[in-house]
């Protein structure tokens with residue numbers, strides 16, 4: 001696995017109001033209540049709003065917004081997230097490439113296991129283990145797209161503890177920084193789960209078209 005390539009890629013590529021017929025704006029939908037980072041959401045009923053996790057400030061030095069809970073935080077932005085903000089992946093894996101950074105307490109012990117699910121549909125999120133920016137064979141840049149050069153992506157991604165020890169970036173405040181790539185098939189409500197030992201956090205993202 002080319003972990004350094006993943007972190008280099010992430011570092012290199014950092015994201016009419018409808019009116020009723022009678023002229024009155026329709027009532028605003030009831031917003032979803034964000035779930036705690038320690039709560040796992042299994043599936044949303046049809047039409048339910050996405051309980052996007054809040055993005056909080058002043059937790060990790062040098063990173064304005066994060067979501068999660070100790071010992072695992074994820075770089076984030078205030079919801080919702082716009083689908084158009086993501087670089088699009090090239091065939092054979094259609095979708096958008098979501099580049100994210102994890103901030104893990106240095107004292108957290110063990111491998112980090114990652115997986116993600118769509119809460120309002122059946123989309124499958126994959127984890128590419130390597131990638132290259134959209135460059136044609138003759139070296140021409142092809143735009144805001146990513147070419148996956150890796151073989152089959154995986155649905156569950158393991159970041160070994162040894163990798164965090166020797167290849168991740170240390171940041172102030174007692175955290176280390178680890179990057180990961182996610183291939184998201186389409187807009188929707190997604191839950192990203194990260195677990196280290198007995199510690200699990202679940203972050204919900206509302207990715208809108």
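The table below lists the values:
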item	result
Filtered residue count, the range 60-86, keeping only those that are more than 13 Å from the chain's Cα centre (by Cα) and over 22 Å from residue 40 (Cα atoms)	6
Residue match in the range 94-112 (condition: farther than 26 Å from residue 200 by Cβ and at pLDDT 70 or above)	yes
Residue match in the range 119-139 (condition: surrounded by fewer than 20 Cβ atoms within 10 Å (Cβ to Cβ), at pLDDT below 80, assigned to a strand (DSSP E or B) and out of contact with any helix residue (DSSP H, G or I) (no Cβ under 9 Å at 6 or more places or on another chain))	yes
Odd one out for residue 156, checked against (1) surrounded by 15 or more Cβ atoms within 10 Å (Cβ to Cβ); (2) at pLDDT 85 or above; (3) within 18 Å of residue 74 (Cα to Cα)	(1)
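The values are calculated or read from the model by the stated rules, or taken from the named source; none is laboratory data. Just so it is clear, the structure is predicted and the values come from calculations on it, not from any experiment. Neighbour counts run over all protein chains shown; Cβ positions are idealised from the backbone, glycine included.
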